[in-house]
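The values are calculated or read from the model by the stated rules, or taken from the named source; none is laboratory data. Keep in mind that what you see is a predicted model, and the values were worked out from it rather than measured. Note that each Cβ is placed from the backbone with ideal geometry, even for glycine, and that neighbours are counted across all protein chains shown. The area values use the complete protein model at the heavy-atom level, side chains included, leaving out ligands, DNA and RNA. Shrake-Rupley method; radii C 1.70, N 1.55, O 1.52, S 1.80 Å.
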Amino acid sequence: MACNSSGCESGCYDREKENGNNVDGGVNQESVCVKCKCNEPMTFGDGGSDDGRFCTDCFRNNVFGKFRLAVTSHAMITPSDNVLVAFSGGSSSRVALQFVHELQIKALKNYEASRDRSLPVFGVGVAFVDETAAFPTLSKEMIDAIEWIRSTVSSLSPPAKDLHVVPIESVFGSDSLEARDKLVKLLDSVADDTGKEDLLQHLKMLSLQKVASENGYNRLVVGSCTSRIASHVLTATVKGRGYSLSADIQHVDARWKVPIVLPLRDCVRQEITRLCVLDGLKTVELACRSQCGINDLVSSFVAVLQEENPSRECTIVRTAAKLTPFYFNKIPETDDSNVPLATQRRLKRFNLKYDGSMTTEAFCPICNGPLNRSDSSDLDTFEDCHESDVLYAACCSSCRFQILPQDGSSLEQFSSFLPDNMISQVKHQKVDSQAYLREKIKDCLLLDNEDEVV
Amino acid sequence: MEAGEAKSKKPRGPRLCCICNQRRPVLKRPKTLQQICRECFYEVFEEEIHQVIVKNRLFKSGERVAIGASGGKDSTVLAYVLSELNRRHNYGLDLFLLSIDEGITGYRDDSLETVKRNEVQYGLPLQIVSYKDLYGWTMDEIVKMIGLKNNCTFCGVFRRQALDRGAALLKVDKLVTGHNADDIAETVLLNILRGDIARLSRCTSITTGEDGPIPRCKPFKYTYEKEIVMYAYFKKLDYFSTECIYSPNAYRGFAREFIKDLERLRPRAILDIIKSGEDFRIATTTKMPEQGTCERCGYISSQKWCKACVLLEGLNRGLPKMGIGRPRGNLNGDHKKVTKAGATAKSIESKQCGSLDF
């Protein structure tokens, strides 16, 4: 079954075409690259469907082309940007870092060659989240990994890139001991394994956001590939997060202070690992993930499906991409005086079709997922009650179940451990919903401010 | 066993049902892992279904409702519970059993015996519609002609129409089927895996076909398969549990296995998948095929001929592969090429022929 998608890398479309040509092509076609028809194709021996079809250059250009298309068609990186690459040491983020680096080198060349030097070169930084506080047993591996990352990043210059090693507990405050203590207590109060894993993931994102905004970055590049996103589609479905799913899987996610971009969304894991092998990109995997939760079960399910049909991951992501995205799934318009008007106009912005009436203002304070109105309707009934009740009401149903403790007193305690910006979001949201209600009845209000009545 | 941990912290002692706190618990409720007694299980099981019926306004008083009855566990429990609730809560429904006789020796003839016993046990009038009467072919004859490949396509297409025709014979207003929560969760997943956004948007609705001749609804939408089995077991209901001889479900598909694994890890996952399915942000502008009627038999069809007539024509002309697989060009043209499309998806789903859970 051909999947008829340009993003699909299973090669089934080409294969069908090739079958058609077989009559005149014959046997000798097998030993040349199907694209350039001159070089010898690469064989990886990894059982992939398009193994031995492309030569090194064509394969590389193909993957990089998908990356570049994603970057340009969504205005992910513009000349005046300062981009932070989230680097875990894994193969996807390694490739993302490499590609961003190549893009930067090219921009630098253009800059030096141009006469008026009107287009600045975008800046690149690298961030690594140190999770030692959450996994004390991994502290030695973590130290080695950080050392390795330091050397990797420094080898990627010029242009020089800042490396930010962020301890995950940094979101809890500046006092490292106290913050670490809070993190451990917070994680310990989550009973569900999957919930713990997800909470850690949310905290990781918060730390990345924190370091990005503190250091003046305006984009966060995350290297999630198709395979990773396919697993996310299914885990989100299984956790009852169908409403917020479409927010997570778009190329751009600007609900955060620093917009997140996913330039490798259209590349499957197999391509990425192949590229690492080809280019000799070294990676480091830290065994942080648990082996027994929902997330793990879903990943192995997707792996089985992918084996059965090499385009399955693409199909899953494509299905989810058909869901209506949110208003924040595009880079916000800016009046940037640093970029010439012509360039600004040239920037393609993917015109997302989203239904204006489907916008939401409320986000879950834990996972930052947009809330379905039907789930969050009881928010206003909690006027003057405990903070923990408000927290419960403000969360999405999935976080309520798998992260929040079920009984009142431990919930109270749990909310006292939460980082300040999660808590502040709860309060913020209450004000927001008040403002929303006010907006609705605005035309009937006589005074601009209720306080004036008294 | 994530959810189990939270529950097991309860104080020990002479263990009692955690709903009534009086009787000894005899079972762990699959949906919530609560340890409850038999009486409380019956009560929560029936009450949940009652709430689903009331909240979704599935029925109006005075309606005639057919229960698609295969003799299998789902439809048997459905018939039992529905007649019970109808009596208890005065729904004011006229209930009927509707069975389809596909003509499968050694399977359907036996399960029909079960349905006939149910007719007496529950006092519900039974209507049997057979493929032989409607189409002139039994499944046995079809299989003899086309072999064991694609036979489920015939059976499925014919059954859909046969149910509607049977319902028309009974002059009912609605048809209820025994699809359970596991079935629906599986369908949601399969539609994601296949990229079928149109079906994904409708597969979680509790009532379907409201624009068609007879609306169908699924009162067991939120009922776990395991609880249905448990209910049938404790109530000692008379049901038939053999699988179709032409589609031995020994291989139960990745998706079903996956759901069972999920359920073990987190029982709530099944409900969460259904919730996700309901909450997906799908633009309502999806193009729907225009509905017309079949020129040959008058049944609803988006094409010149309905699918059943195309398949039937193929059988009668000795071209059994007609209409199977992905249509290329004019569906109602002459001989159709068989594509592999029909066979590819098989390995990931479980009930290819919907072993009579319709």
Integer Hz, Karplus 6.51/-1.76/1.60 couplings in order for the range A:129-141, x for Gly and Pro: 8, 8, 9, 3, 4, 8, 10, x, 5, 9, 4, 5, 4
Per-selection metrics, the range A:63-140 (Cα): Rg and Dmax in Å: 15.8, 55
Per-residue mean of C-beta atoms belonging to partner chains within 10 Å, peptide A:231-242: 6
Average beta carbon contacts from partner chains per residue of A:316-322, 10 Å cutoff: 5
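Counting other C-beta atoms within 10 Å, and keeping those with at most 12, which DSSP coil GluC sites (Glu not before Pro) do you find in the range B:182-261?
Details: sites: B:E186, B:E210, B:E225, B:E227, B:E243, B:E257; in loops: B:E210, B:E243.
Filter output for the range B:182-261: B:E210.
Per residue, how much accessible surface does the range A:87-169 expose to a 1.4 Å probe? Answer in Å², no decimals. Please list the in-between numbers first.
Working: 3760 Å² over 83 residues.
Each residue of the range A:87-169 exposes 45 Å² on average to a 1.4 Å probe.
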Long-range HN-HN contacts of A:V165 with modeled amide H, under 5 Å: A:F128
At 1.306 mPa s and 10 °C, Stokes diffusion of the range A:107-185 via Kirkwood alpha-carbon radius, µm² per second: 105
Fraction of accessible area attributable to carbon and sulfur, the range B:100-255 (%, probe 1.4 Å): 53
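Sort A:100-110, A:392-402, A:296-306 by the packing proxy (mean of other Cβ within 10 Å over each peptide's residues), most packed first.
Details: A:100-110: 16.7, A:392-402: 23.0, A:296-306: 19.4.
The densest-packed peptide leads the list: A:392-402, A:296-306, A:100-110.
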Peptide ranges B:95-101, A:34-40, B:80-86 listed from the most packed, as the mean C-beta count within 10 angstrom indicates: B:95-101, B:80-86, A:34-40
Cross-link table B:K31/B:K60; A:K322/B:K174; B:K174/B:K307; A:K239/B:K28; A:K140/A:K185, entries beyond 26 Å C-alpha to C-alpha: B:K31/B:K60; A:K322/B:K174
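Calculate the all-directions average of the projected area of the range B:5-121's alpha-carbon convex hull, and give it in nm².
Details: hull surface 40.8 nm².
Result: a mean projected hull area of 10.2 nm².
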For the range B:177-291, the Rg and Dmax computed from alpha carbons only, in angstrom: 15.8, 48
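What pairs from B:K73/B:K116; B:K55/B:K260; B:K218/B:K260 go past 24 Å between their alpha carbons? Intermediate values should be presented prior to the final figure.
Details: B:K73/B:K116 15 Å; B:K55/B:K260 28 Å; B:K218/B:K260 21 Å.
Result: B:K55/B:K260 exceed 24 Å.
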Karplus-derived 3J(HN,Hα), 6.51/-1.76/1.60, for each residue of the range A:77-93, Hz, glycine and proline x: 10, 10, x, 8, 6, 10, 9, 10, 9, 7, 10, 9, x, x, 5, 5, 6
